[in-house]
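What follows is a structure written as structure tokens; I'll ask about it next.
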Amino acid sequence: MPKSPLKSRASHAPRPSVRGVPFEVVTSRRRRLHVPHRSRHVPASEWRDYPRPVPDAWHGFARDKGFRIHGRIRDRYHVALECDACGGLTAHKSYTLRTAQPRCGACAEADLADAARAAGLTFLRRVGRDHHYGLYRAACGHVVKRQFEFVERVAARKTDLRCETSLRSRERDEAARQGWDRIGRDPNGNPNYRIYRHSCGHVQRVARVNMSWGQVKCAGCGGAWNARESYIYLLRIEIPGTAFHVLKLGFSRTPVKRFRHQLGLPRGARVELVRVLPMATGHDACAKKSATHASLRRRHPDAVVPLEVYAGILTVRSEVYEAWAFDLIMAHLDRIEAAHPPT
Ligand SMILES: [Zn+2]
Ligand SMILES: [Zn+2]
Ligand SMILES: [Zn+2]
């Protein structure tokens with residue numbers, strides 16, 4: 001996209017939140033044409049040139065508002081405007097050109113791409129006709145569908161992106177380590193349970209947290225797994241209705257059954273076990289966790305939550321991280337897992 005050195009993108013219009021400027025893209029023309037969402041019912045074929053002269057006054061309106069008139073389009077009411085800042089084409093009513101500040105659809109799209117980049121995502125495209133959602137490629141490589149508003153919150157480092165595909169594949173790995181297949185969600189709709197099939201063929205409903213720790217006994221063959229390992233674990237802790245949202249990395253010699261109690265969490269706090277890595281020995285687990293913490297503290301000091309922030313909330317004293325550091329921590333855990341394949 002050519003960028004004019006004369007005007008910055010922000011100069012010709014106030015920039016409302018990227019959510020407020022829905023456009024469709026018509027691709028059947030020689031150049032991409034951005035069409036306001038309210039005209040989404042108009043078939044692409046109707047956005048053809050309308051070869052009549054452009055009234056002189058329109059050129060002046062366009063110039064004042066940061067555009068050049070590319071030509072008339074569709075019918076006598078519409079005009080294709082070329083943005084001075086980005087060179088993109090947007091269809092508007094000539095009435096809008098005369099009486100208001102038209103928005104450039106290409107700039108709006110660039111805003112979405114900027115917000116995505118700030119959130120560590122790649123913007124792919126809007127989702128069909130739903131002007132609240134876009135498709136993005138996440139750092140893990142998966143395509144995720146998210147609300148624009150959510151992406152802005154990730155960009156503002158208020159939350160992290162949870163990729164369902166990656167989560168499912170982690171759950172499959174956790175189950176495989178214990179000799180189970182993850183089959184699906186809980187038919188009763190409990191978000192903490194999954195359906196698993198044991199290696200003996202028996203199918204059973206098990207809490208995901210128990211599967212992660214290997215605390216599961218097969219009701220078909222009676223097979224149970226003996227915990228002889230130590231664990232590195234990652235928890236997500238949120239207090240709904242507040243800005244408190246952190247990640248806690250830890251290690252334990254036994255499956256941690258009562259996070260709430262062990263962390264001294266207040267009522268109403270939400271705790272989610274994100275990941276468990278079994279390690280052969282407690283020494284290993286503790287050393288790896290400490291090395292991860294040291295590396296994060298050195299290379300991403302801003303990811304470490306200062307003790308003052310959670311002093312009155314959690315009883316732990318360290319290894320508490322900002323929600324946005326999710327990918328960083330997961331990448332560390334990936335490396336540890338790769339170096340210590342499950343036995
Ligand atoms: Zn533009
Ligand atoms: Zn993913
Ligand atoms: Zn079994």
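Which peptide among 246-252, 179-185 comes first, and what is the full order, when sorted by highest mean count of other Cβ atoms within 10 Å?
The densest-packed peptide leads the list: 246-252, 179-185.
Which of rounded, prolate, oblate describes segment 243-324, given a ≥ b ≥ c as roots of the alpha-carbon gyration tensor eigenvalues and a/c under 1.5 marking rounded, otherwise prolate only if a/b is larger than b/c?
oblate
How much of the accessible area of segment 110-155, probe 1.4 Å, is carbon plus sulfur, in whole percent? Could you put the intermediate results ahead of the total?
Values: 1140 of 2290 Å².
Of all accessible area on segment 110-155, carbon and sulfur atoms account for 50 percent.
Counting only pairs 8 or more residues apart or on different chains, how many lysine pairs in the chain have their Cα atoms under 17 Å apart? Let's see the in-between values first.
Values: 3/65; 7/65; 65/93; 158/248; 217/257; 248/257; 248/288; 248/289.
Taking the Cα cut-off of 17 Å, the pair count is 8.
Okay, next question. Order these peptides, 306-316, 77-87, by their mean beta-carbon neighbour count within 10 angstrom, highest first. Display every interim value, and only then the final one.
On the way: 306-316: 13.0, 77-87: 21.5.
Output ranking for 306-316, 77-87: 77-87, 306-316.
Taking θ = phi - 60°, what integer Hz values does the Karplus form 6.51 cos²θ - 1.76 cosθ + 1.60 yield along segment 201-215, in sequence order, with x for Gly and Pro?
x, 6, 9, 8, 8, 9, 5, 4, 5, 5, 5, 4, 8, x, 8
Further question on the same structure: Over all distinct Cα pairs, what is the inverse of the mean 1/r for the chain, reported as the Kirkwood hydrodynamic radius in Å?
In the chain this quantity evaluates to 23.7 Å.
Follow-up. For residue 67, list long-range residues whose amide hydrogen, built 1.01 Å from N in the peptide plane, is under 5 Å from its own amide hydrogen.
84
Using 1/(1 + (r/R0)^6) with R0 = 45 angstrom and r between the beta carbons of residue 290 and residue 25, what's the FRET efficiency to the nearest 0.05?
0.35
Rounded, prolate or oblate for segment 9-107? Axes are the square roots of the Cα gyration tensor eigenvalues, ordered a ≥ b ≥ c, and the cut-off for rounded is a/c under 1.5.
Working: a/c = 1.62, a/b = 1.08, b/c = 1.50.
Cα axes put segment 9-107 in the oblate bin.
Modelling each spin label as a point 7 Å along the Cα-to-Cβ direction, I'd like the residue 168/residue 139 distance in nm, to one decimal.
2.3
Could you run the Karplus curve 6.51 cos²θ - 1.76 cosθ + 1.60 with θ = phi - 60° over segment 267-281 and give me ³J(HN,Hα) per residue in whole Hz, x for Gly and Pro?
3, x, 6, 10, 10, 10, 7, 7, 7, 10, 10, x, 10, 4, 9
On to the next question. Roughly what % of Cα-Cα distances in segment 110-155 sit above 13 Å, to the whole percent?
45
Taking the Cβ-Cβ separation of residue 40 and residue 297 as r and a Förster radius of 56 Å, what is the calculated FRET efficiency to the nearest 0.05?
0.65
Let me ask another. Calculate for the chain the 222 nm mean residue ellipticity that helices alone would give, adding -39,500 (n - 2.57) per DSSP H run of length 4 or more and normalising by residue count, nearest 500 deg cm²/dmol.
Helix contribution divided over all residues of the chain: -8500 deg cm²/dmol.
Tabulate in residue order the Karplus-calculated ³J(HN,Hα) for segment 286-297, using 6.51 cos²θ - 1.76 cosθ + 1.60 with θ = phi - 60°, rounded to whole Hz; enter x for Gly and Pro.
3J(HN,Hα) across segment 286-297, in whole Hz: 5, 5, 5, 5, 5, 5, 4, 4, 4, 5, 5, 5.
Related question: Could I have the simple spin-label model distance between residue 159 and residue 76, label points 7 Å from Cα toward Cβ, reported in nm to one decimal?
Here the answer is 5.0 nm between the modelled labels.
Can you tell me the order of 190-202, 285-297 when each peptide is scored by its average per-residue count of other Cβ atoms within 10 angstrom, highest first? List each step's numbers first, then the result.
Values: 190-202: 15.5, 285-297: 17.0.
In descending order of packing, they fall as 285-297, 190-202.
Can I ask one more? Please work out how much length the chain gains when fully extended from residue 331 to residue 205, using 0.36 nm per residue of separation minus the C-alpha to C-alpha distance, in nm with one decimal.
On the way: separation 126, 0.36 × 126 = 45.36 nm, distance 2.99 nm.
Taking residue 331 through residue 205 to full extension adds about 42.4 nm, to one decimal.
Hey, can you grab everything whose amide H is under 5 Å from the amide H of residue 50? Only 5+ residues off in sequence or another chain; H modelled, so Pro and N-termini drop out.
So residue 50 has HN proximity to 72, 73, 74.
Pick from 208, 177, 267: which residue has the top mean-square fluctuation in a GNM of the chain where Cα pairs under 10 Å get a spring?
Taking springs between Cα atoms under 10 Å, the residue moving most is 267.
Please identify which residues in segment 61-85 have an amide N closer than 13 Å to a label point set 7 Å out from the Cα of residue 49, following the Cα→Cβ vector.
70-74, 80
OK, next. Please give the FRET efficiency for residue 132 paired with residue 253, using the beta carbon to beta carbon distance and R0 = 45 Å, rounded to the nearest 0.05.
0.45
Say each of residue 280 and residue 147 gets a label point 7 Å from the Cα, pointing the same way as Cα to Cβ; how far apart are those two points in nm?
Computed distance between label sites residue 280 and residue 147 equals 4.8 nm.
The values are calculated or read from the model by the stated rules, or taken from the named source; none is laboratory data. All values reported here derive from a predicted model rather than from experimental measurement. Reconstructed Cβ throughout: ideal geometry from the backbone, glycine too, with neighbour counts over all protein chains shown. Ligands, DNA and RNA are excluded from the accessible area calculation, which covers all protein heavy atoms including side chains. Shrake-Rupley method; radii C 1.70, N 1.55, O 1.52, S 1.80 Å.
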